[in-house]
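Engineer: Input: one structure, supplied below.
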């Protein structure tokens, strides 16, 4: 189970609200490569994962992603604080505002609501870990793109922190992949799924044994 | 220390003291959770505050006893060293059948007694 701690992972203090920034940063909450999908993906992949080290990495990265959801929510809250209707319209924030006011709603920058289709859980060790490695790179690219569009250092610093964490998580999932491959049969990594077929390796094609 | 063993008939036995202590921790943690929810809506309720103080203290004591004897319940309370290794990942996870003493995953049972650390 989980215990909440009343602190952000990295401090956020935005002095200049900016609804345009909010309307693009929201993608890192509820977009295709956002923190909500990341935490849900990793925490759900744990159950079928047969290796303790990999479960530890999924648990601890997935937990950190929950803290990143909170950081994105904090960015959205501070960027939309005290807006007048005129400021909402000028920044093009009106399309979000009409449905959610200045509440924090998980959707992509284009307004597509969060969907579990962003969460890859295949129940296969190599498929899931490869998904996770790609997911961290895609999230890193999204932070890269946000940093191309955002000038305010108050907003950039937490985004740079989050970008760096994606790179660290990619490296840790690389550790997870090494742990998994070390336990597979070197003749053919893809001959069986240790999450389903148990600990023994057959070189036969699945379903034909 | 290995807490799981087979009797003369080969039946798997488990450490009931460990299970009983975890049962108690789960009950106390539930009492803390439930009281937390109540206090969120009644932040100055004297009876609830006193009850919270009592069950939280009992929870902390039981958790301390468990972690001292069996291993960490949280990554943040892992006190492993080079003898025990990082038990956070070498011990079973809570969705396994038979948790916490045994596991339906044989590789986790083998890890009940952590191996000596290798080169790294």
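Read-outs throughout are calculated quantities, based only on the coordinates presented, and are distinct from any laboratory measurement. Since the model is a prediction, treat every value here as computed from it, not as a measurement. When we count neighbours, we look across all protein chains shown, and the Cβ atoms used for this are built from the backbone with ideal geometry, even at glycine.
Engineer: Express in whole angstrom the spacing between the alpha-carbon centres of the stretch A:48-78 and the stretch A:114-144.
Structural biologist: 13
Engineer: Any idea how far apart residue A:167 and residue A:105 come out in nm if each label point goes 7 Å out from Cα toward Cβ?
Structural biologist: If labels sit at residue A:167 and residue A:105, their model points lie 3.6 nm apart.
Engineer: If I model the stretch A:89-188 as equal point scatterers sitting on the Cα atoms and use the Debye formula, what is log10 I(q)/I(0) at q = 0.15, 0.18, 0.22, 0.23 Å⁻¹?
Structural biologist: -0.82, -1.02, -1.22, -1.26
Engineer: Separate question: How big is the C-alpha Rg of the stretch A:5-74 next to the rule-of-thumb value 2.2 N^0.38 Å, as a ratio?
Structural biologist: That ratio works out to 1.30.
Engineer: Whole percent per 5 Å bin, from 0 to the bin with the longest distance: what is P(r) over all C-alpha pairs of chain A?
Structural biologist: Using 5 Å bins, I get a P(r) of 1, 7, 15, 17, 16, 13, 10, 7, 5, 4, 3, 1, 1, 0 for chain A.
Engineer: Just to confirm the number: angle between the C-alpha axis of helix A:52-79 and the first principal axis of chain A, 0 to 90 degrees, nearest 10?
Structural biologist: 10
Engineer: May I pose another question? Taking the convex hull of the Cα atoms, report for the stretch A:80-135 its projected area averaged over all directions, in nm².
Structural biologist: 5.2
Engineer: With each run of n ≥ 4 DSSP H residues scored as -39500 (n - 2.57), what mean residue ellipticity at 222 nm is computed for chain A after dividing by its residue count and rounding to the nearest 500 deg cm²/dmol? Spell out each step's value before the answer.
Structural biologist: Values: 8 runs with 118 residues, N = 209.
That calculation yields -18500 deg cm²/dmol at 222 nm.
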